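Have a look at the structure below, then the notes.
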Amino acid sequence: MSLAVGTSAPDFSLKNQFGETVTLSQFKGVKPVVLVFFPLAFSGICTGELCELRDNLKAFEADGIELIGISVDSHFALRAWGDQEKYTFSLLSDFWPHGGVAAEYGVFVEEAGIANRGTFVIDRDGKIAASIVTAPGQAREFSAYLEAIAKVA
């Protein structure tokens with residue numbers, strides 16, 4: 001079960017696609033964050049979803065929101081994928097402990113070893129303001145993102 005709205009977002013530190021450490025708490029008190037958990041880089045639905053976010057990045061930037069993707073892929077794979085797709089937002093590697101952060105957020109699919117598609121909008125105070133979790137194989141609608149980020153704009 002994924003984390004409920006109003007819950008404090010669990011802090012974490014993960015490497016981005018460039019090997020740099022990103023810590024969730026570095027944004028607390030500074031700006032809202034949207035965490036986008038996705039199963040695997042280079043897969044069809046994930047590429048489609050993240051390309052849609054890339055193409056609509058101004059919707060997040062206009063409200064000063066930090067957009068962050070997270071998967072169980074290595075940061076090396078995320079770098080290759082991010083370069084190929086021209087993603088300018090952080091892609092974090094939840095590689096080891098495998099899916100540890102996804103599990104804390106309640107979106108790790110143990111039997112598959114991947115994160116489900118789960119999005120968590122975190123306000124400036126570090127609380128979950130909205131979430132979007134879909135069934136495996138089901139893409140998130142961009143309109144759901146707009147509705148969710150309106151809660152922290």
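None of the figures in this text is laboratory data; all of them are computed from the coordinates on show. Just so it is clear, the structure is predicted and the values come from calculations on it, not from any experiment. So basically every Cβ, Gly included, is an ideal-geometry build from the backbone, and we count neighbours across all protein chains shown.
Could you tell me which chymotrypsin sites (Phe, Trp or Tyr not before Pro) in region 27-79 are loop residues by DSSP with no more than 15 other beta carbons within 10 angstrom of their beta carbon? Kindly include the intermediate steps, with their values, before the conclusion.
On the way: sites: PHE27, PHE37, PHE42, PHE60, PHE76; in loops: PHE42.
Here the sparse-neighbourhood loop sites are PHE42.
Over region 10-96, calculate the relative contact order: mean separation of alpha carbon pairs under 8 Å at least 6 apart, over the residue count, as a percent. Once normalised by length, the contact order is 37 percent. Loop-resident trypsin sites (Lys or Arg not before Pro) (DSSP state other than H, G, I, E or B) in region 1-87 with no more than 10 further Cβ atoms inside 10 Å of their Cβ: LYS86.
One decimal place: the segment PHE142-VAL109 gains 9.6 nm when fully extended, by the rule 0.36 nm per residue minus the C-alpha distance.
Residues of the chain were split at every exposed loop site, defined as GluC sites (Glu not before Pro) in a DSSP loop with at most 13 other C-beta atoms within 10 angstrom, and the longest piece left, sites excluded, is 21-109. In straight-distance terms, cross-link reach from LYS127 covers every one of the aspartates and glutamates whose alpha-carbon lies under 19 Å from its own, apart from those fewer than eight places away in the same chain; here that gives ASP11, ASP63, GLU66, GLU104, GLU147.
With a cut-off of 15 Å on the backbone N, the residues of region 28-60 near the modelled label site 7 Å out from THR88 along Cα-Cβ are 51-60.
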